[in-house]
Structure formats: structure tokens, C-alpha cells
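**Q** Below are the C-alpha cells for one structure; questions will follow.
Please treat every number below as a calculation from the coordinates, not as lab data. All of these numbers come straight from a predicted model, not from anything done at the bench. Positions of Cβ are backbone-derived with ideal geometry, glycine not excepted, and every protein chain shown enters the neighbour counts.
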Amino acid sequence: MVKDCKIDQGIGMTVCAFKDDWWGCVMSSSAIDSADVSDRKHVNEVAMEKQALEEILQETLSGEIQIKDGMETIKSGLNICILALKRTGSGSGSGSSSVDWRSWLLQNQNFRLAKSLDNISQQIDAELAIANQHQVEQKTPGKSAEERKFCEELKAAEVMRIHLVADCVKRVRELIASPG
């Protein structure tokens, strides 16, 4: 669904709604005793959450979505990673979870977070290089001052969107590097 949709805000809102729903499940599972972890229903729910999360992250963080057009979608996926990386499971205590989402995310064999971050970083570099090239081209004669100003504002907005994603990637990498 993510790859087929061309409306960033729409898919970004969908991924954000998924994040909110997933986070609600994570928070509600915080109240589960370690004795309940063996409960078949709970185990099935966690397996479904993991599968859905894996699919969302694979689609949103593949590095195949153009950042200037897909910022909301990519940021939503990165925000899920930020929450997961902050969520270590211990099965007891306030705010803990029976699932260690940090370990799950970092060790997942089907979704490789580090590779996804590398792909997005390469996309960031490529799009910034293109944006810089366009800024040089905008200074060429042949366009009215109004056209040049509009193009400059548009490029500035695109560059800002790229930098927002870059900041999220940086935050995810910081969380990976910090001890759980």
C-alpha cells in the first residue's frame, strides 16, 4: 500500500495511525505480568504486531521513496523506530513491556534497520546534490525575477524536507549507538 500510494500526507497519516495503534498495544502490554506472557492469545497478538510492524517499516524505510515527496511517510516510519528503540522489555515495572522492541528491531532478519538507514542516507545525499544543482541552474538568465523567486522558495522547501528526514535518521542512529 505504501509504495502504491502517491499522496505522501495520506500514507504518512496512515503510518502515523498505525504507530499510534501499535504504541497503544505496547503500552497496554506493559501491564501484563510475566506469568501472562505464556498466554497463547498474547503470544499471537505480539506475533501479529511484529509482522505488521515489519511490513510497515520495510515499505516506509526501503530508501525507494523520494524524500522530497515522501517526507511524511518516511518520518512516520522513523518515528516508529525511535519509539521501538526506546522500548526495552523487562516484563515488570512501570512502562516496561513483555516484548523487548529494541532488540527485536535491531536483530530482525527480515527488516535490516542499519541497511535501511544507509539507503535513506544515500537518498538524502542524492536529493541534496540534485537540489544544489538546481539552485545553480536557477541563477541562469531567461527567467523572470518572479519565476526565479518561486523556484528558489520551492527548492528551499524541498531541502528543508530532506533535512528533516536527515535529522530523524540521525536520531535513530544515536539511539542505536546508545546502550539499551
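**Q** For the range 151-162, just list the computed ³J(HN,Hα) in residue order, Karplus coefficients 6.51, -1.76 and 1.60, θ = phi - 60°, integers in Hz, with x standing in for Gly and Pro.
**A** 5, 5, 5, 5, 5, 4, 5, 5, 5, 4, 4, 5
**Q** Also, I was wondering about something else. Taking the mean number of other Cβ atoms within 10 Å as a proxy for protection, how do you rank 104-112, 13-21 from highest to lowest?
**A** Highest mean packing first, the order is 13-21, 104-112.
**Q** Let me ask something additional. Please arrange Glu45, Glu59, Glu153 by counting, for each residue, the other beta carbons lying within 10 Å of its beta carbon, fewest first.
**A** The order, fewest Cβ neighbours first, is Glu153, Glu45, Glu59.
**Q** Using each residue's phi in the range 111-122, evaluate 6.51 cos²θ - 1.76 cosθ + 1.60 at θ = phi - 60° and report the 3J(HN,Hα) Karplus result to the nearest Hz, with x for Gly and Pro.
**A** My calculation for the range 111-122 gives 10, 9, 4, 4, 5, 4, 5, 4, 4, 5, 4, 5 Hz in order.
**Q** Next question, about the same structure. If you rank Trp23, Trp101 by fewest surrounding Cβ atoms within 10 Å, what's the result?
**A** Details: Trp23 15, Trp101 22.
Listing Trp23, Trp101 from fewest to most nearby Cβ atoms yields Trp23, Trp101.
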